[in-house]
Amino acid sequence: MEVFKYTLDKGSKKFLCPNCTKKTFVKYIETDTGNYLTDDFGKCDREQNCNYHKAPPKGQKCYFIPTLSLKSISDKACRLTDEFGIVLIVPKSQILEQTKNDCWITEWFLKNSRIQYAVNEVKYFYSNVSNFVNEVKEVVQPPQEIFSFHSLELLNNMYCVNPTIDNLTEYLKFRFPIDKVSDAMQNYFISGTNYFWSNSTAFWQIDDKEQIHACKIMQYDTYTGKRIKEPCNRINWLHKATSEPYFNLNQCLFGLHRINEDYQKTIAIVESEKTAIVMSVLLPHYIWLATGSKGNFKFEMLKPIKKRNIVSYPDKGEFNNWLKKANELNAIGFKIAVSDLIERTDFESGYDLADYYLNL
């Protein structure tokens, strides 16, 4: 008989369903202790109207295997001799528990072995249930999408071979020492371009493996440093200018390539690429990255920096949204702090950290 570590409570007690908020929710309990799991694990009795059901993971099914000997032969494998003298090489990853004379081996491995195990004792090995979000319904993995990348030759041609003056760089030279501006533009491979509009700025999205995900092109005003939005919002992409019809865009954080410069520095995240550049001049003790849009403050974009200490500076009006997302990400291992510095100012909605420092 298989005994599961977790089961639905067989008593009459009901709780508020996290989906429909009706008091029709049956929680999962730990079989050995009778303790309830967290409030999201359970099943709603309103099967037609709600149908919420979130089960804890079933765990790895293992069988008890008596042994004559079990010796380590490498970092990854053991030599096992079972009670009938059958000798096998078993990956250590498939031996989930062992003593001097026996062990527990995963059913996955045993199915393809010569060991007789079907009538042996069964046990499930579990990870911490709070780390799982395990829906009961079957999840079908979609085929892996193939994304496009720009070539290093294209970057080299625009940055080194045919450099073009861009309005944003010229503006920053009015506000900061020229050598500081030059260093910042080199750090982010900022280049000018006449694609779409004269003297526009090309922001390359290069990841930590030096793959070029994208290049966003924007035009700025030389005298104000503001992005030009009239008669239209002047934002476009290099792959459209170079007529790459099958380019499959997959953005990464602007400045992501810089995280390899120093593994001890805290990473600071803002929305605007321009703000990341400005702040890299003003506060170089951080590595400054940009999401490129408020909606890009999300797991897919931040995954490469999950293990780093992160502080984020949302634009005015976005604090609550970024704080909510940061809390969700921190629950799965991120270390993100969200600053309310801009939210506490009298700025209009949309103003950011660069506006704060440039107007001091």
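The values are calculated or read from the model by the stated rules, or taken from the named source; none is laboratory data. Note that the structure is predicted; figures quoted are calculated from it, not measured. Methodologically, a virtual Cβ is constructed for each residue, glycine included, from the backbone with ideal geometry; neighbour enumeration extends over all protein chains shown. Heavy atoms of the whole protein, side chains included, go into the accessibility calculation; ligands, DNA and RNA do not. Shrake-Rupley method; radii C 1.70, N 1.55, O 1.52, S 1.80 Å.
Structure values in brief
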| item | result |
| --- | --- |
| Cleavage-rule hits (trypsin sites (Lys or Arg not before Pro)) in the range 15-46: DSSP loop, at most 13 neighbouring Cβ within 10 angstrom | LYS23 |
| At most 13 other Cβ within 10 Å, DSSP loop - GluC sites (Glu not before Pro), the range 232-338 | GLU261 |
| From phi via Karplus (6.51, -1.76, 1.60), per-residue ³J(HN,Hα) for the range 316-323 in Hz, x at Gly/Pro | 4, x, 10, 4, 5, 5, 6, 5 |
| Selected from LYS265, LYS325, LYS61 as most flexible by GNM, with the chain as the system and alpha-carbon contacts under 10 Å | LYS61 |
| Debye intensity ratio in log₁₀ form over the Cα atoms of the range 260-336, taken at each q of 0.14, 0.25 Å⁻¹ | -0.41, -1.30 |
| Summed residue charge, Cβ within 13 Å of TYR117's Cβ, Lys/Arg positive, Asp/Glu negative | -1 |
| Nearest 10 degrees, 0 to 90: helix 273-282 Cα axis against the chain principal axis | 80 |
| Distant-in-sequence amide H partners of LYS335 (H built 1.01 Å from N, under 5 Å) | ILE310 |
| Computed over the range 147-201: relative contact order in percent, which uses C-alpha pairs under 8 Å that are six or more apart | 42 |
| Max mean-square fluctuation residue, GNM over the chain, Cα-Cα springs under 10 Å, options ALA326, ALA241, ALA290 | ALA241 |
| Rounded to the nearest 10 Å², the accessible area of SER74 at probe 1.4 Å | 50 |
| Pairwise FRET efficiency - ASP346 versus ALA241, Cβ, R0 = 35 Å, nearest 0.05 | 0.35 |
| Sequence-separation-based contact order of the range 6-55, relative, with Cα cut under 8 Å and 6+ spacing, percent | 31 |
| Net length gained if the chain between LYS61 and ILE89 were fully extended (0.36 nm per residue, minus Cα distance) | 8.1 nm |
| Inter-label distance for ILE146 and GLU230, nm, one decimal - labels placed 7 Å from Cα along Cα-to-Cβ | 4.7 |
| Full-stretch length increase - LYS76, LEU249 - with 0.36 nm per residue and alpha-carbon distance subtracted | 58.3 nm |
| Virtual spin-label span in nm between ARG46 and ASP102, 7 Å along Cα→Cβ | 4.8 |
| Distance between modelled label sites at ASN19 and TYR36, nm, 7 Å Cα→Cβ extension | 1.8 |
| Heavy-atom SASA rank of ARG234, ARG175, ARG308 (probe 1.4 Å, accessible area, largest first) | ARG175, ARG234, ARG308 |
| Cysteines having no other Cys beta carbon under 4.7 Å from their own, within the chain | CYS62, CYS78, CYS103, CYS160, CYS215, CYS232, CYS252 |
| Most fluctuating residue given options GLN219, GLN94, GLN264, as computed from a GNM of the chain linking Cα atoms under 10 Å | GLN94 |
| Kirkwood hydrodynamic radius of the chain, from inverse mean 1/r over distinct Cα pairs, in Å | 25.2 |
| Rounded tilt (10° steps) of 178-187 against the dominant C-alpha axis of the chain | 30 |
| Theoretical ellipticity at 222 nm over the chain - DSSP helices of four or more residues, -39500 (n - 2.57) apiece, nearest 500 | -4500 deg cm²/dmol |
| Cα gyration tensor category, rounded, prolate or oblate, for the range 30-99 with a/c compared to 1.5 | prolate |
